[in-house]
Amino acid sequence: MKTQKKIDVSNLNDEQLKKLLKIDSPGVREAVAEYIRREAIYREMNKAEKISGSREAAAHLMPLFYNLDVEQFHILLLNRANKIIGTRKISEGGMSGTVVDPKVIFYKAIQAKASGIIMAHNHPSGNLKPSDSDIQLTKKMKEGGRLLEISILDHLIISNNSYYSFADEGSL
């Protein structure tokens, strides 16, 4: 049985890779596939937007809530460097509220391997004042996050052109 030679393709340019792809060798195909996979991950990580405060988070999330006439709850998932991994819609309700289950939020965060979460929901009325249930949920999430080592970095209440940040107001 012939031993397959491993080829390091990490320093090859695109033209060299194209030439390699024409070679019908399982070892070369495996090396090229691994290079392409790693390059895709690297490019995705580097283009991820870094969140350094409520303004960046709100700018990223506001389009999700624009002109909604019902309340929705989303989370922004972040890695250790506070770069965005993704967003997930958690719930959708009526004009005056939506039901949010902390277990669902943490489940989505664990699935995404997130180190931090920014929670956000809208108030269709435009009133940015947090309700008692908003405050209680934020406290409950902060406690749960501590146990799971998932930081709750902020909770935003968003309207069409403004937002309220629990972190900025010292309520987190």
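The values are calculated or read from the model by the stated rules, or taken from the named source; none is laboratory data. Note that the structure is a prediction, hence the values are computed from the model and not measured. A quick note on method: Cβ atoms are made from the backbone with ideal geometry, for glycine too, and the neighbour counts reach across all protein chains shown.
Per the conditions (1) without any contact (Cβ under 8 Å) to a residue 24 or more places away in the chain; (2) within 18 Å of the chain's Cα centre (by Cα), the sole criterion not satisfied by Gly170 is (2). Restricting Asp132, Asp69 to those that are touching a residue at least 24 places away in the same chain (Cβ under 8 Å) and of a type in the set (Asp, Glu) reduces the list to Asp69.
Checking each residue in segment 84-100 for being crowded, with 16+ Cβ neighbours inside 10 Å and among the charged types (D, E, K, R) picks out only Arg88.
So which strands (runs of 3 or more DSSP E) stay within segment 103-172 end to end and still have 2 or more residues that are within 12 Å of Leu77 (Cβ to Cβ)? So the answer is 116-122, 151-158. Given the structure, is Met95 outside any helix (DSSP H, G or I) and modelled with pLDDT under 85? Yes: the conditions hold for Met95. Of the residues making up segment 108-126, those that are exposed (fewer than 13 other Cβ atoms within 10 Å of the Cβ) and more than 17 Å from Leu156 (Cβ to Cβ) are Ile110, Gln111, Lys113.
Residue-by-condition table, conditions (1) at pLDDT below 65; (2) over 30 Å from Gly94 (Cα atoms):
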| position | (1), (2) |
| --- | --- |
| Lys5 | yes, yes |
| Lys22 | no, yes |
| Glu34 | no, yes |
| Lys47 | yes, yes |
| Ser54 | no, no |
| Asn67 | no, no |
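Checked against the criterion of being among the aromatic types (Phe, Trp, Tyr) and either in contact with a strand residue (DSSP E or B) (Cβ under 6 Å, 6 or more places away or on another chain) or closer than 21 Å to Ser52 by Cα (or both), the candidates Tyr163, Tyr66 yield just one match: Tyr163.
Assuming Ser133 fulfils every condition listed in (1) within 18 Å of Met62 (Cβ to Cβ); (2) surrounded by fewer than 17 Cβ atoms within 10 Å (Cβ to Cβ) apart from one, which condition is it? It is condition (1) that Ser133 fails. For segment 45-81, enumerate the residues that are buried (at least 20 other Cβ atoms within 10 Å of the Cβ) and part of a loop (DSSP other than H, G, I, E, B). Listed by number, the residues that qualify are Ile51, Glu71.
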